[in-house]
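Beneath this line is the structure, given in structure tokens, with notes to follow.
Computed from the coordinates by the stated procedures, all read-outs in this text should not be read as laboratory data. Fair warning: this is a prediction, and the values are worked out from it, not measured in the lab. Every residue, glycine as well, gets a Cβ built from its backbone with ideal geometry; the counts of neighbours run over all protein chains shown.
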Amino acid sequence: MSDFAPPMHTGWDDTLKAKAAKIRLIALDVDGIMSDGRLYFSAAGDELKAFNILDGLGLKQLMKAGITVAVITGRRSPLTEKRMTDLGIPHLMQGREDKKVALQELVAGMDIAPDQIAYMGDDLPDLPALTFAGLGISVPNGYWLVRQQADYCTQALGGHGAVREACDLILWAQNRLDATLAPYLGKPS
């Protein structure tokens, strides 16, 4: 029994928990998932993005727990590359609209089955990867069809802690959330 249960866990049923318990890899879209989906440009044409710090720590906690993290995005952005490098995310695939194909290429040599993959996306290019993965996750500000096809839609909006919520779900389902949180509460892990 877990000492810590995120508030949204009351909506996490046994089917969702069983799917999340199998996850060995999570792949994420960027725009609309790790950011709020809006693109900002300076007068000089420079692109700006905002990433949520909650999401970053959640991804680090997943990696520390042995879950592989990958990012598959349709856009190419030096800002995305910098953020993923800063977080230590080992797999970044940019400029890929064929996200299911990219995901299949990524796991081909990893001995990871589709039911061991979580994919988090918000729009139509994400849909094939989201339905291929054993656990498809979307966000409330995602496209309606993607939300409808997902196994789980977070309470938090994309770019506002939704990735952290997905990370907590996976850690909770795998009975690893307590150990992840304990050091911050001064408890042994």
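Whenever a residue of region 163-187 is within 20 Å of Ile26 (Cα to Cα), its partners that are of a type in the set (Ser, Thr, Tyr) and part of a helix (DSSP H, G or I), lying with C-beta atoms within less than 6 angstrom and at least six residues away or across chains, give the pairs Leu171/Thr180. Note on region 90-115: residues that are under 22 Å from Gln174 (Cα atoms) and buried (at least 20 other Cβ atoms within 10 Å of the Cβ) total 1.
Here Glu47 meets each of (1) crowded, with 17+ Cβ neighbours inside 10 Å; (2) among the charged types (D, E, K, R); (3) free of Cβ contacts under 8 Å to residues at least 60 places away in the same chain; (4) over 19 Å from Asn141 (Cβ atoms) with one exception, condition (1). Can you pull out the residues in region 132-147 that are over 16 Å from Gly32 (Cα atoms) and without any contact (Cβ under 8 Å) to a residue 60 or more places away in the chain? Once the filter is applied, which keeps residues that are over 16 Å from Gly32 (Cα atoms) and without any contact (Cβ under 8 Å) to a residue 60 or more places away in the chain, region 132-147 yields only Phe132. Anything in region 105-116 that is in a helix (DSSP H, G or I) and either of a type outside the set (Asp, Glu) or under 20 Å from Gly58 (Cα atoms) (or both)? List them, or say none. Selection gives Leu106, Val107, Pro114, Gln116.
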